[in-house]
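All remarks here apply to the structure that follows.
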Amino acid sequence: VQLQASGGGLVQPGGSLRLSCAASQSSFSFPRMAWYRQAPGKQREFVATITAGGSTDYADSVKGRFTISRDRRYTLYLQMNSLSPDDTAVYYCNAKRGTAEWWGQGTLVTVSS
């Protein structure tokens, strides 16, 4: 399984970005997919998750601003709105199936004026 994250970049505070994670297998073959992030000098933290059935959950810090979704083929998304400098981090996509787990390589999001 390979996961390829993309869509990061530099954005001003208040702006939006959409991250994508292309999987080498159908996204619905994974019971759960998620986004995590790691800010400079901090541990990796949970951002959002989605199940194959479409149930979602979010970290309190991003609720109401970020939306996780998946298409019917191979891609996981993270729509990020109202971005703040605190959202600056490398964002990683994650997929789980049973006891197996896979990570993408990460995409850098920088929120700065």
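Condition first: aromatic (Phe, Trp, Tyr), under 10 Å from the mean Cα position of the chain (by Cα) and open to solvent by 40 Å² or more (accessible area, probe 1.4 Å). Can you find one or more residues in the range 19-29 that meet it?
We begin by selecting, within the range 19-29, every residue aromatic (Phe, Trp, Tyr); these are 28.
Checking which are under 10 Å from the mean Cα position of the chain (by Cα) leaves us with none.
No: zero hits.
A residue that is in contact with a strand residue (DSSP E or B) (Cβ under 9 Å, 6 or more places away or on another chain), farther than 24 Å from Pro13 by Cα and loosely packed, with under 12 Cβ neighbours inside 10 Å can be found somewhere in the range 46-55. Is it the case that some residue within the range 49-56 is touching an Asp or Glu at 6+ places or on another chain (Cβ under 9 Å), without any contact (Cβ under 8 Å) to a residue 40 or more places away in the chain, farther than 20 Å from Trp103 by Cα and of a type outside the set (Gly, Ala, Ser)? No, the range 49-56 has no match at all.
Ala59 satisfies every condition listed in (1) open to solvent by less than 50 Å² (accessible area, probe 1.4 Å); (2) within 20 Å of Pro13 (Cα to Cα); (3) in contact (Cβ under 8 Å) with a residue 24 or more places away in the chain except (3). Within the range 27-53, the set of residues being touching a Lys or Arg at 6+ places or on another chain (Cβ under 8 Å) and assigned to a loop (DSSP other than H, G, I, E, B) comprises Phe30, Pro31, Arg44, Ala52.
Return the residue satisfying two criteria in turn: it lies in the range 37-65 and is among the charged types (D, E, K, R) and farther than 14 Å from Gln79 by Cβ, and of such residues it is farthest from the chain's Cα centre (by Cα). Don't jump to the end; show me each part of the working.
Looking only at the range 37-65, we keep the residues that are among the charged types (D, E, K, R), and these are 37, 42, 44-45, 57, 60, 63, 65.
Still in the list and also farther than 14 Å from Gln79 by Cβ: 37, 42, 44-45, 57, 60.
Working: Arg37: 8, Lys42: 17, Arg44: 12, Glu45: 11, Asp57: 12, Asp60: 15 Å.
Looking at the filtered set, the residue picked out is Lys42.
Residues of the range 68-113 being part of a strand (DSSP E or B), among the charged types (D, E, K, R) and open to solvent by 40 Å² or more (accessible area, probe 1.4 Å), which ones? Within the range 68-113, Lys96, Arg97, Glu101 qualify.
The listed residues are Ser20, Ser61, and the only one of them that is in a loop (DSSP other than H, G, I, E, B) and at pLDDT 95 or above turns out to be Ser61.
The values are calculated or read from the model by the stated rules, or taken from the named source; none is laboratory data. This is a predicted model, so every value here is computed, not measured. Every residue, glycine among them, receives a Cβ derived from its backbone with ideal geometry; neighbour counts consider all protein chains shown. Quick note on the areas: whole protein, heavy atoms, side chains included, nothing else; ligands and nucleic acids left out. Shrake-Rupley method; radii C 1.70, N 1.55, O 1.52, S 1.80 Å.
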